1. Return the pair list, or none, for Cβ contacts closer than 8 Å from residues in region 19-37 that are without any contact (Cβ under 8 Å) to a residue 60 or more places away in the chain to residues that are hydroxyl-bearing (Ser, Thr, Tyr) and part of a helix (DSSP H, G or I), at least 6 apart or on different chains.
2. Taking the condition over 16 Å from SER6 (Cβ atoms) and touching a residue at least 24 places away in the same chain (Cβ under 8 Å), does ILE156 pass?
3. What's the total number of residues in region 234-250 that are crowded, with 19+ Cβ neighbours inside 10 Å and of a type in the set (Ser, Thr, Tyr)?
4. So, in region 120-137, of the ones that are crowded, with 20+ Cβ neighbours inside 10 Å and of a type in the set (A, V, I, L, M), which residue ends up nearest to GLU165 (Cα to Cα)?
5. Considering only region 324-371, state which residues are under 23 Å from the mean Cα position of the chain (by Cα), surrounded by fewer than 16 Cβ atoms within 10 Å (Cβ to Cβ) and either at pLDDT below 95 or within 17 Å of MET310 (Cα to Cα) (or both).
6. Report, ordered by the first and then the second residue, all pairs with beta carbons closer than 6 Å, sequence separation of six or more or different chains, a first member in region 104-124 that is within 13 Å of SER155 (Cα to Cα), and a second member that is part of a strand (DSSP E or B) and hydroxyl-bearing (Ser, Thr, Tyr).
7. Which of the numbered conditions does GLU296 fail, given that it passes all the others? Conditions: (1) crowded, with 17+ Cβ neighbours inside 10 Å; (2) within 30 Å of LEU75 (Cβ to Cβ).
8. Identify the single condition in (1) farther than 20 Å from ASN153 by Cα; (2) free of Cβ contacts under 8 Å to residues at least 24 places away in the same chain that TYR259 does not satisfy, given that it satisfies every other one.
Amino acid sequence: MCDQKSIYIHVPFCVKKCIYCDFYSETPLSLIPSYIKSLQKEIETRSGSRDKISTIYFGGGTPSLLPVKDIETLLQTIGDKFSVSRDVEVTLEVNPGTIDLNFLRRLKKVGINRLSIGVQSFNDDKLKFLGRIHTAGQAVKIIDHAGKAGFDNISIDLIYGIPFETETRWLEDLKQAVMITPHHLSCYMLTIEPGTPLGEKLKKGLISPLDSMAMSRLFKKTSRFLSKFKYEHYEISNFSRGSQNRSKHNSKYWDITPYYGFGPAAHSYDTKIRSWNHQSIETYIKDIESGRLPVEDTEILTREQKMMEMIMLRLRTLEGLDLEKFQILFHRSFQNEFREILDNILDQSLGRFMGHEFALTLEGKTHLNSIIEAFSQKIL
């Protein structure tokens, strides 16, 4: 049994869907009371082991649509059924268009100690294109309110690379962000997913995405700009003011540690088996009310899958892949097993060995997908 596990709670509700988002969510907020009851039952049913919980994360969707009393109820249920660490990191994603100072003060009081604020941009034209329900002014105001409410661990989400993005426009977003000096920044490159409204626009030829070279330039510009303001680029999309402000929860994923996922579409992992719940609020609630776990499917991970996931996740990080840990887990030398791939990476200065670790350079991270594909062809 692992000493430290994490809990992810999926909140599948939104005021309206953003055009780029392919995470599962629905807009009928009338389902929230039934969802909360079902979520409590799922937590209670799956919690027999008294596992030590070191991080809790409310993601979505829009978790800030939940009444604070429901968030408190869920935290109490977790506290009753698990052994929660005294210094547990409890994160809640918030949309600036759904909250106010009073809400934030009440959140802090019930035990939320980290906020992930979905700003996405400080440019109203970009926000309108992305389908966000807030303005740039609202975002700045909410960040200020978060500080007034007593939060000392605040993360801001930004998106770059939209079809009409320019380097100047993106730098303005970054400049606005560093003026606010959040503890953490997540800067996500826009991905146009099939089946989303944005994907349909692309399919119909209504938008022209930035090319890969332009995206790579923006990625490198982001890293170099934020490093000047003492932000550590510790994962491909994440920056923190010192290692103490890294997202402990997300770092668990990149370290491939076990986690519970509660709620519709949530995934769970116990080092051997991955499972995922139904991507339907109605089916989820129906299963719970019928006394069944709401699991859609499970998979037993093969040795090759575990190896691939370790490489894929660790190469996203600043420290990279631990060669000794790889040897212990898979009884193979990473250097010997992938000598040809590694020689190619090293020849192009896309990666480097640092003691017992292998990590990609900043330039290497711009080629992450092709590098992962090379490992995948070798392993799978």
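The values are calculated or read from the model by the stated rules, or taken from the named source; none is laboratory data. Keep in mind the model is a prediction, meaning the values are calculated, not measured. Cβ placement follows ideal geometry from the backbone for every residue including glycine, while neighbour counts extend to all protein chains displayed.
1. Once the first residue is without any contact (Cβ under 8 Å) to a residue 60 or more places away in the chain and sits in region 19-37, its partners that are hydroxyl-bearing (Ser, Thr, Tyr) and part of a helix (DSSP H, G or I) give ILE36/THR73.
2. It is true that ILE156 is over 16 Å from SER6 (Cβ atoms) and touching a residue at least 24 places away in the same chain (Cβ under 8 Å).
3. Count: 3.
4. Going through the qualifying residues, I end up with LEU127.
5. ASN369, SER370 - these are the residues of region 324-371 that are under 23 Å from the mean Cα position of the chain (by Cα), surrounded by fewer than 16 Cβ atoms within 10 Å (Cβ to Cβ) and either at pLDDT below 95 or within 17 Å of MET310 (Cα to Cα) (or both).
6. ARG114/THR91; SER116/THR91; SER116/SER155
7. Every listed condition holds for GLU296 apart from (1).
8. (2)
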